[in-house]
Amino acid sequence: MTPLLLLIALSQPAPVELTVTPTPLPHDLYRCRLLPGLEELRPGDAVPLYRRVDLGATGAATLLPARPGPADLAAARDFLRRFRNTLEAVEQAACSRADWSGVREQLARTGRSGSVFLGQDPLVGPGLLLLRARVELLEDRPAEHAPSAAVHTLGRIFAVARHYNAAPGIDAHCIAQGIAALAIDGLEHALTHPACPNLSAVLAELPRPLLPLGPALDGDRLRICGTLPGSAEVRRDPFHAQLDGETLQRLIDLYRLEYPQPRRSTLPLADRYRFAATIRDAQPPARQLLRAHGYSEADIDRMPFLNVVLLAPILEYEQTLTDIATATARPYPQARAWLLEHGAIPRRTREGLLFSRLHLRPTAFELFFQPACLLQRRLELLRVIEALRLHASITGKWPANLADVTCAPVPDDPLTGQPFHYRHDGDAILLEAPRPTPQSPPHHALFYRLLLRPRSGETP
Amino acid sequence: MTSLVLFLALAQPQPVTLTVTPAPLSADLYRCRLLPNLDELRPGDAAALLLRKAPVIDEPRASFPEQLSAADLGTARAILRQHRELLERTEQAALCARADWTHLIRVVLRTGAGRPELNLAGANLLLLRARVEVAEGRPGDAVRTLGRMLALARHMNDCPFVEAHDSAVSVALWALDGIELAVQHRRCPNLYTALCDLPRPLLPARTAHEVERLFACAAVPGSAEVRRDPFVPLDRETFQRFLERYRAEHPPTMRSLNPLADHYRLAADLQADLPRGRQVLLEHGYSKDEINHLPILNIALLAPLLEFEERATRASALAAFPSSAERSRFLATHPEPPRNGAGLLFSRSGRWPDPSEFRAPVDHCQRRLDMLRIVEALRMHAHATGTWPERLADVTAVPIPDDPITGQPFRYKRDGTHAVLEAPDDATRPHLLTLREPEGKP
């Protein structure tokens, strides 16, 4: 083996080996769908239910080993029984609608979203659901019911992930990613069950992207309004908004924090004088920015001085978020190129703009965009596997190449915009999603080796 | 008249004529968004507001010309003043964070009550307000109002009845009419980013056909119970309700004095339907042994339900193909299975809708949204270069979407200051675009 081949062999991730059964589309989509059906929806709000999770159930997702024995199964069942209330609450929450208006209000008031999840572990409930799905796969039920029940349970995890993703702020988006990854792990496992129904149609039914970045961006904008006192009022009506005494004091406190003086004056109004001088100095760059955003000179003259200074960084911030929203709506290669090119710009200090140094820095969304795309890629790969299983159920063998699959849509790799790599390896096939760029770490490549299990009644 | 315009004037269907001003990409999505910003959302339930009674108001859409004259403007303002309360309530519904229809579903399924009617008067008034705002030279406000309409359409679409889905599509199409009007205003900001920001599809069709199944189950007493466990016979009360339904759908030709006449008639019908029912169940994976254990009535109830579910599953699978070419290829290789249950007891009255029929209006709505996105991309290109591009591929600053129905690129032609944007299958009105000089230029 040449050194180059050796290097390549070593840098390849180990393939995930799945033995799957050729399976046609189910007659009935409603029995194994991945988001709750209408008849399962319940009135009420999911958010209080998520707060009722018992933290003692932490670690449920990893309780079962890869090859569990009867004792492991019994322990898992016992664990599920012990945390039955938590499991029921999470399942009920998954079938309800999540109203995050409390989080929104808190974010808009204080600028902090992380504290909303303090004292909670949002992964506990989905972990329990994953454990239950794995137990369902191992249970001695009628063969055709076991994987349907497991898929049903995994669907609840997707619902929980979507709930968290709808909450404003990047924290919730990250939590949602972690939860959805659990569900995808569970699906990979379920697919290897001999009686797993074909999930091609139900996977196609999931919203794409499963976890959009939009709520996180919106949450970031709210966070800023909460961080900078008075900015929401000024944003709403920059011509007439007048800050009350309390808001003004909070603004001055923030100013003191961001622009500390080496020596504190004993004069009670010293900070106010300094703040007033700063507002005066910040006028020219702020006016220039407002002009660039379409405000006429006359409009700016109508605004109070303080409003001009407060509005400018908010507009600048919103432009950054707009740019990120526009960029992330593009296909991944273009979006990545844009984010790489402009990644540093949003966090630069705007010379002369008040409060832009520390408190008005947008979240580094480019760091979170890629994991969301990788998650979507795993889902698309599962769709390809299901399309291959469907093809094999019709023709009795793997297709020569992916283009030969006509019975179900075969999605392209969302990260490259190209079809996934597909090749035969004896009786097996290799399905590969390569690293999106040469610089990407090896774990960004996904690699499956699929083996076809003979259908019942067929000789291997 | 240029040859292109003449050609379009003669061609069918009538084109949508848009005269637009070049505009750069909007710097601020949050000022001209087509769905409410997070800080605008209010707690509360939109469903409760949308279910309140409201008068039927048709004038706003029906009686005003496309361009409002001064007199029309006065009349329109008077209508808005007259119905201010309804307008505020509708806007409040649009700004609600959620629409919870679960209570309604339960009531309808439990009692078999009639389907709710969502009054479109509020949406109608919002469209009128947007038109007034455009006429008053406030296109930004008009875009915000039209965004409220799209939010309203999404809330309505969450209501799981096919009528609500139809209403949602109508409201969304009205909003698109309004956006087409607004983008023609000289000072209308570029809406490309706002259009990209909308969820895709704007109005998922899934809920509609899913609830039709539920509704059908509710309409025939016992269906839901049989679907849950086909081996358990119906209880007396459910059977009585089922019999009433049977009587309504299969009225006797002659009135009998025998109190059990309907029972005999039902038994005879069930016996006649049994072979087809068994055949359907066999095709859906039930073994002969299992079928022999099923009560005959349960077979009659289960078979049409299974057939509907199979068609709905097939419609969902078909909908997953991104282009009509792939869908045609799938249909050629996988012809629709024959409907053995076509003559079954409760499939005669045609109460099982075709699931694929829900998709067409949604696709059409999505296509118009994508055409608008291209119009905005073209405005952006015109702002940068001063003219329309020769080909759509020349627009490189932002992605140009393909047609969501056929999966092919939209057709585009340019002739001087005119350009034409057409759907690949000619099923949607083409857009005739005329470029207007930006303000301040001679």
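A compact table of results
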item: Options A:A270, A:A292, A:A277: the member that is touching a Leu at 6+ places or on another chain (Cβ under 9 Å) and either at pLDDT 85 or above or loosely packed, with under 14 Cβ neighbours inside 10 Å (or both); result: A:A292
item: Residue within the stretch A:239-250 that is without any contact (Cβ under 8 Å) to a residue 24 or more places away in the chain, out of contact with any Lys or Arg (no Cβ under 6 Å at 6 or more places or on another chain) and in a loop (DSSP other than H, G, I, E, B) present; result: yes
item: Flag if A:A325 is among the small types (G, A, S), at pLDDT below 85 and exposed (fewer than 15 other Cβ atoms within 10 Å of the Cβ); result: no
item: From A:V53, A:V47, A:V90, residue being modelled with pLDDT under 85 and under 22 Å from the mean Cα position of the chain (by Cα); result: A:V53
item: Considering residues of the stretch B:19-48 that are surrounded by 19 or more Cβ atoms within 10 Å (Cβ to Cβ) and away from every other protein chain (no Cβ under 12 Å) only, the residue farthest from B:A377 (Cα to Cα); result: B:L34
item: Selected residue (criterion: surrounded by the most Cβ atoms within 10 Å (Cβ to Cβ)) from residues of the stretch B:230-272 that are closer than 30 Å to A:P197 by Cα and not aliphatic (A, V, I, L, M); result: B:P230
item: Odd one out for B:G114 among (1) more than 17 Å from the chain's Cα centre (by Cα); (2) crowded, with 24+ Cβ neighbours inside 10 Å; (3) of a type outside the set (A, V, I, L, M); (4) modelled with pLDDT under 90; result: (2)
item: Odd one out for A:P362, checked against (1) under 24 Å from B:L195 (Cα atoms); (2) at pLDDT 80 or above; result: (2)
item: So A:A400, is it more than 14 Å from chain B (Cβ to nearest Cβ), without any contact (Cβ under 8 Å) to a residue 60 or more places away in the chain and exposed (fewer than 13 other Cβ atoms within 10 Å of the Cβ); result: yes
item: Test: B:D403 is surrounded by 14 or more Cβ atoms within 10 Å (Cβ to Cβ), in contact (Cβ under 8 Å) with a residue 24 or more places away in the chain and acidic (D, E); result: yes
item: Condition check for A:A61: part of a helix (DSSP H, G or I), hydrophobic (A, V, I, L, M, F, W, C) and over 30 Å from A:N198 (Cα atoms); result: no
item: One residue from A:L315, A:L306 being within 14 Å of another protein chain (Cβ to nearest Cβ) and surrounded by 19 or more Cβ atoms within 10 Å (Cβ to Cβ); result: A:L315
item: Of all residues making up the stretch B:144-178, the number that are among the charged types (D, E, K, R) and surrounded by 24 or more Cβ atoms within 10 Å (Cβ to Cβ); result: 1
item: Whichever residue in the stretch A:408-421 is free of Cβ contacts under 8 Å to residues at least 40 places away in the same chain and within 14 Å of chain B (Cβ to nearest Cβ) and, among such residues, is surrounded by the most Cβ atoms within 10 Å (Cβ to Cβ); result: A:V410
item: Condition met for A:E233 (under 20 Å from A:P147 (Cα atoms), touching a Ser or Thr at 6+ places or on another chain (Cβ under 9 Å) and at pLDDT below 90); result: no
item: Qualifying residue in the stretch B:75-83 (condition: at negative phi, assigned to a helix (DSSP H, G or I) and under 21 Å from the mean Cα position of the chain (by Cα)); result: no
item: Filter result for B:R89 (out of contact with any Cys (no Cβ under 7 Å at 6 or more places or on another chain), over 20 Å from B:L51 (Cβ atoms) and among the charged types (D, E, K, R)); result: no
item: Among (1) away from every other protein chain (no Cβ under 14 Å); (2) modelled with pLDDT under 90; (3) more than 22 Å from B:A175 (Cα to Cα), the one test that B:L435 misses; result: (2)
item: Lone qualifier among A:A176, A:A181, A:A161, A:A195 - being modelled with pLDDT of 90 or more, touching a helix residue (DSSP H, G or I) at 6+ places or on another chain (Cβ under 9 Å) and surrounded by fewer than 24 Cβ atoms within 10 Å (Cβ to Cβ); result: A:A181
item: All positions within the stretch B:229-254 that are in a loop (DSSP other than H, G, I, E, B) and under 37 Å from the mean Cα position of the chain (by Cα); result: B:D229, B:P230, B:L234, B:H250, B:P251
item: Condition check for B:A377: among the small types (G, A, S) and at pLDDT 75 or above; result: yes
item: Condition met for A:G56 (surrounded by 15 or more Cβ atoms within 10 Å (Cβ to Cβ), more than 12 Å from chain B (Cβ to nearest Cβ) and over 29 Å from B:T313 (Cα atoms)); result: no
item: Among the residues listed as A:R156, A:R208, the single one being under 17 Å from A:R97 (Cα atoms) and under 17 Å from the mean Cα position of the chain (by Cα); result: A:R156
item: The stretch A:184-230: number of residues that are assigned to a helix (DSSP H, G or I), within 13 Å of chain B (Cβ to nearest Cβ) and of a type in the set (G, A, S); result: 7
item: Helices (runs of 4 or more DSSP H) completely within the stretch B:98-167 that count 1 or more residues being among the small types (G, A, S) and over 27 Å from B:L38 (Cβ atoms); result: B:121-135
item: Residues that are surrounded by fewer than 15 Cβ atoms within 10 Å (Cβ to Cβ) and more than 9 Å from chain A (Cβ to nearest Cβ), drawn from the stretch B:297-331; result: B:A325, B:S328, B:L331
item: Within the stretch B:379-395, considering residues that are assigned to a loop (DSSP other than H, G, I, E, B) and of a type in the set (A, V, I, L, M, F, W, C), the one farthest from the chain's Cα centre (by Cα); result: B:W388
item: Hits in the stretch A:164-173 (condition: away from chain B (no Cβ under 14 Å) and either modelled with pLDDT of 90 or more or buried (at least 24 other Cβ atoms within 10 Å of the Cβ) (or both)); result: A:Y164
item: Failed item in (1) of a type outside the set (V, I, T); (2) more than 30 Å from A:I175 (Cα to Cα); (3) surrounded by 14 or more Cβ atoms within 10 Å (Cβ to Cβ), with A:D220 passing the rest; result: (2)
item: Residue among A:L107, A:L34, A:L73, A:L128 that is on the phi < 0 side of the Ramachandran plot, of a type in the set (A, V, I, L, M) and not in a helix (DSSP H, G or I); result: A:L34
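The values are calculated or read from the model by the stated rules, or taken from the named source; none is laboratory data. All values derive from a computational prediction rather than experimental measurement. Note that each Cβ is placed from the backbone with ideal geometry, even for glycine, and that neighbours are counted across all protein chains shown.
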